[in-house]
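*Asks:* To start, I am sharing the structure in question, which I have written as structure tokens.
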Amino acid sequence: MLIETGIPTPEDIQSVTPSEERFRKGPVAIAECFQKIPCNPCTKACVKQAIRVEPDINETPKIDYDVCNGCGACIARCPGLAIFVVDKTYGENEALVKLPFEFLPIPEAGQKACGLDRSGKELGWFRVEKVIPGGKKNMTYTICLAVPKELAMEVRNIRVGGYQNG
Amino acid sequence: MIKDTEILVIGGGPAGLCAASAAASLGAHVLLCERDYVPGGQLVKQTHKFFGSEKQYAGDRGIHIGQRLVEDVANNPNIEVLSEATVLGMYEDGIVTVLHDNRHLKIRPKKTIVATGAAEKFLAFPGNDLPGIYGAGAVQTLMNVAGVKPAEKVLMVGAGNIGLIVSYQLLQAGVEVAGVIEAAPHIGGYLVHASKLRRAGVPIRTRYTVKEAYGTDSLEGVVICQLDESWQPIPGTEENIPCDTLCLAVGLTPLTELCWQAGCDMAFIRELSGHVPIVDENLETSVPGIYAAGDVSGIEEASSAMVEGRLAGFSAAGALGYQPEKAKELCAAAADELRELRSGPTGAKIMAGLSKVAAKQKAEKGGACIC
């Protein structure tokens, strides 16, 4: 149970996973935010207004997957670091996972980082495609990681440091 | 010499800063006393982003919110800030005494807003006096204010928001976190904070407590054990966790000494984490002219403390005759904001506590006995 371990259950994840049909259309944001807490900056982060927290601020966010284009602007804006973008159309065998990151050192594009699942378990070494700084005020980095397609819904963090070149 | 002031705000944390700005925005003159070197309260070490809505600066980091509130106060000509000023007493004749710059000041405010915040609770177990055992707040201060790496390897006790957040910040500072243990059956803090820690590899174990801490000159390790459904240790579940630091994040208790001394009606309300002053809808206590805002009247998130501060500030200024109509509207808007923040499941406990406060307040106003 999430409330005992901090790890969302497969059912929790299933409840926010877009359809395979939607995944085939390109990148999409997924909010792994399962608890009703008073919080709504994600709604302001989305220029397309694809994220709604309704009827009141305590509701969990609902992303309209038909409106979301997976731009990732919400990733660094979520105070709970609970939003990820998954692009299963990235390559033939690879998906792109964009995840929030707030540790030093920050990996560089082209390096490989050790990918972790929701329990911190190592899943392998994956190529960092891009690193997007959050800026002076936001300060949260977005790491874009190329992972095997079957791990697109598993990889949610990277291990800090020890990044491999090439 | 007695210094007269219209509104005295005691405490420069989120509630006090917002109270000062709110009251001054209506034209009142405010003196804010802060016992620390600089105002900002606990915001000065909150490096994480805050929850809530835009109105409470959600999405901004606590440190940045603190800077903004401190700047607002500093730039307001109606507000005088006295740092390193500890309020010592509030007396029947309305005089408030303050220790500042080695002098004993006497202040005579027309209204007083008590925003003294809270203190960390401690936990009783063998070995709890060993060096290396800290409140989580102390570790957070060492790390985020003083820039000192506080430990090599930490065990965190308490999976409320403070325990979860400080654990995450310890990881950011390069400290190993052996785990977070929690005596309750559930994680008490926001689950997104828990998930953040968990995917960084930190185990969170509910129904666990500290059996004992050991070490010769300082902490060398902690023995933890599992608790059964009636919170009793289960024999044979002991586990040894070697670590040089044990962090206690087992809750806060309101800092109410001044309210007691001022003669405010007080009540023990579990949901609000201790004895709290009984306040009305404008956050005025049973002593006319004394208001309470923020953690002093019940432990809650900083976002609520800010809004409570504003509510108390507008109330006090309005009561002094500064734009009373506008003050009333602003109070109503702040009350709505508070209702919204507290309306979800995570606000249920606070709401239950506040309804007890309201019941006691009404009973008292009606002259009925509440004992």
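The values are calculated or read from the model by the stated rules, or taken from the named source; none is laboratory data. Bear in mind that the values here come from a model prediction, so they are computed numbers and not experimental data. With ideal geometry, Cβ positions are generated from the backbone for all residues, glycine too; neighbour counts draw on all protein chains shown. Surface areas here come from the heavy atoms of the whole protein model, side chains and all, with no ligands, DNA or RNA. Shrake-Rupley method; radii C 1.70, N 1.55, O 1.52, S 1.80 Å.
*Asks:* Among B:V202, B:V166, B:V192, which is the only one that is open to solvent by 10 Å² or more (accessible area, probe 1.4 Å) and modelled with pLDDT of 95 or more?
*Replies:* Answer to the check: B:V192.
*Asks:* Name, by its number, the condition in (1) within 18 Å of the chain's Cα centre (by Cα); (2) of a type outside the set (F, W, Y); (3) surrounded by 16 or more Cβ atoms within 10 Å (Cβ to Cβ) that does not hold for B:M90.
*Replies:* Only one criterion in (1) within 18 Å of the chain's Cα centre (by Cα); (2) of a type outside the set (F, W, Y); (3) surrounded by 16 or more Cβ atoms within 10 Å (Cβ to Cβ) is unmet by B:M90, namely (1).
*Asks:* Would you mind telling me which numbered condition in (1) under 15 Å from A:K130 (Cα atoms); (2) assigned to a strand (DSSP E or B) A:A29 fails?
*Replies:* (1)
*Asks:* B:P131 fails exactly one of the following numbered conditions: (1) buried (at least 19 other Cβ atoms within 10 Å of the Cβ); (2) not assigned by TED's automatic domain parsing to the domain that holds B:L272; (3) not β-branched (V, I, T). What is the number of that condition?
*Replies:* (1)
*Asks:* Name the single residue that is most open to solvent (accessible area, probe 1.4 Å) among those in the stretch B:18-55 being in contact with a Pro (Cβ under 9 Å, 6 or more places away or on another chain), closer than 27 Å to B:E325 by Cα and within 14 Å of another protein chain (Cβ to nearest Cβ).
*Replies:* In this case the residue turns out to be B:E54.
*Asks:* Among the residues of the stretch A:137-155, is any of a type in the set (K, R), at the interface with chain B (Cβ under 10 Å from one of its Cβ atoms), over 22 Å from B:V202 (Cα atoms) and over 14 Å from the mean Cα position of the chain (by Cα)?
*Replies:* Checking the stretch A:137-155: at least one residue is of a type in the set (K, R), at the interface with chain B (Cβ under 10 Å from one of its Cβ atoms), over 22 Å from B:V202 (Cα atoms) and over 14 Å from the mean Cα position of the chain (by Cα).
*Asks:* If you scan the stretch B:141-156, which residues turn out to be closer than 26 Å to B:A184 by Cα and open to solvent by 10 Å² or more (accessible area, probe 1.4 Å)?
*Replies:* Matches in the stretch B:141-156: B:K153 only.
*Asks:* Scan the stretch A:156-166 residue by residue and report those that are more than 10 Å from chain B (Cβ to nearest Cβ) and either in a strand (DSSP E or B) or open to solvent by less than 40 Å² (accessible area, probe 1.4 Å) (or both).
*Replies:* A:Y163, A:Q164 - these are the residues of the stretch A:156-166 that are more than 10 Å from chain B (Cβ to nearest Cβ) and either in a strand (DSSP E or B) or open to solvent by less than 40 Å² (accessible area, probe 1.4 Å) (or both).
*Asks:* Checking A:Y90 against (1) outside any strand (DSSP E or B); (2) open to solvent by 20 Å² or more (accessible area, probe 1.4 Å); (3) at pLDDT 95 or above; (4) farther than 24 Å from A:A50 by Cα, which single condition isn't satisfied?
*Replies:* So A:Y90 meets the others, but not (4).
*Asks:* Next question, about the same structure. Could you list, in sequence order, all residues of the stretch A:111-128 that are more than 18 Å from B:R198 (Cα to Cα) and either facing another protein chain (nearest Cβ under 10 Å) or open to solvent by 40 Å² or more (accessible area, probe 1.4 Å) (or both)?
*Replies:* A:K112, A:W125, A:R127
*Asks:* Also, quick follow-up: Would you mind stating whether B:V148 is out of contact with any strand residue (DSSP E or B) (no Cβ under 9 Å at 6 or more places or on another chain) and either modelled with pLDDT under 95 or outside the structural domain of B:S273 (by TED's automatic domain parsing) (or both)?
*Replies:* Spelling it out, B:V148 is indeed out of contact with any strand residue (DSSP E or B) (no Cβ under 9 Å at 6 or more places or on another chain) and either modelled with pLDDT under 95 or outside the structural domain of B:S273 (by TED's automatic domain parsing) (or both).
*Asks:* Mind counting the residues in the stretch B:239-262 that are closer than 20 Å to B:G89 by Cβ and more than 16 Å from the chain's Cα centre (by Cα)?
*Replies:* Result for the stretch B:239-262: 3.
*Asks:* Still on this structure: Look through A:T60, A:T9 and report the one residue that is surrounded by fewer than 21 Cβ atoms within 10 Å (Cβ to Cβ), polar (S, T, N, Q) and touching a Lys or Arg at 6+ places or on another chain (Cβ under 9 Å).
*Replies:* A:T60
*Asks:* Now for a different question. Looking at the stretch B:189-228, what strands (runs of 3 or more DSSP E) fall wholly within it and have at least 1 residues that are charged (D, E, K, R) and assigned by TED's automatic domain parsing to the domain that holds B:P131?
*Replies:* Output list reads B:204-206, B:208-214.
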